[in-house]
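Bear in mind that the values in this text are calculations on the coordinates, not laboratory data. Predicted model only: the values in this text are computed from it and were never measured. Here the Cβ positions follow ideal geometry from the backbone for every residue, glycine too, while neighbour counts run over all protein chains shown.
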Amino acid sequence: MNIYNYFNSFIKAEIKELQLKDKLPLDSIIDGISVDPPRQINHGDLACNAAMVLAKKVKLDPISIAKLISKRIITHSDVEKVDIAGPGFLNITLKKNVWHDQLRNVLKAGEKFGDSEIGKGKSINVEYVSANPTGPLHVGHARGAVFGDVLSSLLEKTGYEVTREYYINDAGAQIDILARSLYRRYCEKLGQESYEKPEGFYPGEYLIDLADKLVIKDKKHWLDKPESEWLPELSRYTVDEMMKLIRKDLSDLGIEQSTFISEKSIVERGMVDTVLNMLDEKGLIYTGVLEPPKGMKPESWEERPQKLFRSTSFGDDIDRPLKKSDDSWTYFASDLAYHLDKYKRGFTNLINVWGADHGGYIKRVQAGINALTEGNVNLDIKLCQLVRLLENGEAAKMSKRAGTYVTISELVDYVGRDVVRFIMLTRKNDAQLDFDIIKAQEQSRDNPVFYVQYAHARSYSVERMAKDAFNAQSFDYKNLQKCDLSLLNGSDELALIKLIALWPRIVEMASEAQEPHRIAFYLNELASSFHSLWSKVREDESFRFVVTDNLELTQARLALVCGLRTVISSGLNILGVEPLEELRG
C-alpha cells in the first residue's frame, strides 16, 4: 500500500465533508493537494499542503483552514498528532504500529509490494536502441538500451502493458555502403584487392570476420559478378548478420525485445506512399523552397523546389521536406510511415528513446504523427545524453575492435553486465554520464552497484547468523510475519522501516515521471541506511541484529532485514541487476 496516497485520499474526503457542512466553500479546488514525506525528520511522518492550496481559492487564511482540517485528521485511528507549521503546513505523526503494519505488509506481499495499477492495463509501445545495423552496438547505445529496458520494466510494475520494440533501419544508402564495405573485405580475403574502397567505408574488424563467413558460405561466387547482382544479396546478408550481432550484444546486456520492425518492410508495404496520400488529402503537402539554415548560407546550398509537409501548422519551426533532390524519400518520410504503422497496430501511447544528437528531430516527428492521427497519438521522446568512458578520471584506452568506438560487448566483458546496467542509471537520462571503469570494479561505496548488492548480501548473512544461533524454523517467513514487531521501537529501526515503506511511492513517482534513475537513487539511499545501522553495532552492542539470548527481538530485527532485502531485490529486478546472496570475489 502507498501510505501517502492513502492519506491523501483520506484528507480529500475529509475536506469534502467540511464542504458539505459549509465549513469550506463547495468550489474549493483540491486537485493540487499532496501528502509527502517531510523534509525534516522532526516534522512528523507526513506533510500536507492542503491548507495553502485551498487558501488560494477561499477567503480564509491558511492557518484557519489548517485548524479546520487538522481537527478532522486527528480523528483517524492511525494518527498520533497533527501540528501546524509555517504558513499552514500540516505535519502528521502516525502511531508506531502503523509502520510495523507496513513492514508486515512487505513480508506478506514479498516482491509484489510496490506493485501498482496506475497504468490500468494501458498499452504503451517503447522503442529503444534502434541503432543502424551497420556494426556492433557501442557504449552510447548501452545507455539508451538500459534506459528503455528499465523504463519498460518500471511501467510494467505499475500496471501498463508494454511492447518493447526495435526499429531496424535496413533501407537506404548506409546499407548499400555497408554491403560494399563487406564486398571489399570479401575481395581481399580472396586475394583480389582491386575493388575500390567505397565512400564512407566501414572500417571495423567485424566486417573481416563476416567476410570470412561469406567466403566459407559462397566461396568465389560473387567475385566476378556485377554489383547489380551481389549488392541486393549482400545487403540482405549483411543486415541479417549485423542483427545477429546486435541481438547478442543486447542479450549480453540482459535485454530481450519482443518486437523487431523492418524499415524495408514498411517501405515495401507502401506505407510511405500511404503517408504522402494522407497528408496530401488533408492539404498538408505543397511544393516550395526552403530557406538556408539560420545565420548561414553554405556554398553548396541549392535553392530548389521540394515537396514539403506543413509541419509548422503543428508546432514545428519550419516545414519539412518529404523528398530529396533525386526524388527519393527523406528519412523523415519513412519515419512517419513507421510511426503510422505503430498507430495502425493499435498503439496510441508511444515512447521513443533516442540519442541526444536526435534532439532537433523531435518536433517534426511529433508534428507529423499529430497530423496523420489527428492528435490521437501521444508520442513522448526521451533523449539520452553522451557517456564518457574514463579510467581514473582520464579518457579510457580500451581496445576498439569496431574501428572507432568501444563496444557494449567489450564493456560488459570488462566490468560485468550488472555494473553497466546500474551505472547507466546513476544520472538522469538527459544529463551527461561519466563512466569510470576503474571505480566500477572497486568494492567500495564509490561503486553504487556493489554498495547496493552488498546490502542485499549482508541481509543473508544476518539470516544465516540467526539460524545458526536459534532453530532455523523460527525464521521462516510465516513466523516472521507473526512476530512481535512492536519490539522495533528504536529511532534508527523506525527510520529504516519508514524508508522501506516509501517504496510504493518511489515506484509510482518514477513511473509517472518516466525516470527510472529514481529507483537507483532510492536503492542507494536504502543500502546506505542499512549499512549505517550495521556499523552502529561496533559502537553499541544493543544494535546487534542477532541477540543470542532473545529470540523474539532477533525475529523482529530479522523481519526488518528481510523487509529491506525484499525491497532491494524488487528494485534490482526492475533495473535488471542480479540480487546477490553472497558477493563474488
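Worth a mention:
- Projected-area average for the stretch 448-575 over all orientations - Cα convex hull basis, square nanometres: 7.8 nm²
- Between the Cα long axis of helix 62-73 and the first principal axis of the chain there is an angle of about 70°, rounded to the nearest 10.
- Value of D in µm² per second that Stokes-Einstein yields for the chain, Kirkwood Rh from Cα pairs, at 25 °C (0.890 mPa s): 88 µm²/s
- Trypsin sites (Lys or Arg not before Pro) restricted to the stretch 97-143 and DSSP loop, no more than 11 other C-beta within 10 Å: Lys120
- Ascending count of other beta-carbon atoms within 10 Å, so fewest first, for Arg164, Arg421, Arg427: Arg427, Arg164, Arg421
- Candidate aspartates and glutamates for bridging to Lys428, where Cα separation is under 14 Å - those fewer than 8 sequence places away on the same chain excluded: Glu515
- Computed from backbone phi, the HN-Hα couplings of the stretch 506-511 come to 4, 4, 5, 5, 5, 5 Hz, rounded to whole numbers (Karplus: 6.51 cos²θ - 1.76 cosθ + 1.60, θ = phi - 60°; Gly and Pro given as x).
- Amide H partners (placed H, <5 Å) of Ala396, local residues excluded: Leu389, Leu390, Glu391
- Cross-linked pairs Lys282/Lys323; Lys112/Lys478; Lys122/Lys248; Lys23/Lys95; Lys264/Lys323; Lys264/Lys324: Cα-Cα separations exceed 20 Å for Lys122/Lys248; Lys23/Lys95.
- The dipole here belongs to the stretch 243-290: it is taken about the Cα centre, uses +1 on the Cβ of Lys and Arg and -1 on the Cβ of Asp and Glu, and is about 140 debye.
- About the Cα centre, charge dipole magnitude for the stretch 269-380 (Lys/Arg +1, Asp/Glu -1 at Cβ), debye: 240 debye
- Amide N of the stretch 305-345 lying under 14 Å from the label point, which is placed 7 angstrom from the Cα of Val289 along Cα→Cβ: 305-307
- Nearest-ten-degree value, helix 331-344 long axis tilted from longest Cα axis of the chain: 50 degrees
- Sequence-distant contacts, meaning Cα pairs under 8 Å at least 6 residues apart, place the relative contact order of the stretch 115-185 at 47 percent.
- Residues whose placed amide H lies under 5 Å from that of Ile381, excluding near-sequence neighbours: Asn352
- Normalised contact order of the stretch 1-92, rounded percent, pairs of Cα under 8 Å and 6 or more residues apart: 26 percent
- Dipole magnitude (debye, nearest 20) for the chain, charges at Cβ of Lys, Arg, Asp, Glu: 1320 debye
- Computed from the alpha carbon atoms alone, the convex hull of the stretch 375-469 holds 169 Å³ per residue.
- Residue-wise HN-Hα couplings along the stretch 224-236, as the Karplus relation 6.51 cos²θ - 1.76 cosθ + 1.60 with θ = phi - 60° gives them from phi, are 10, 8, x, 4, 4, 8, 7, 4, x, 5, 6, 4, 5 Hz; Gly and Pro carry x.
- Tilt relative to the chain, helix 206-218 - C-alpha long axis, 0 to 90 degrees, to 10: 60 degrees
- Considering all C-alpha pairs of the stretch 71-137, those separated by over 21 Å amount to 62%.
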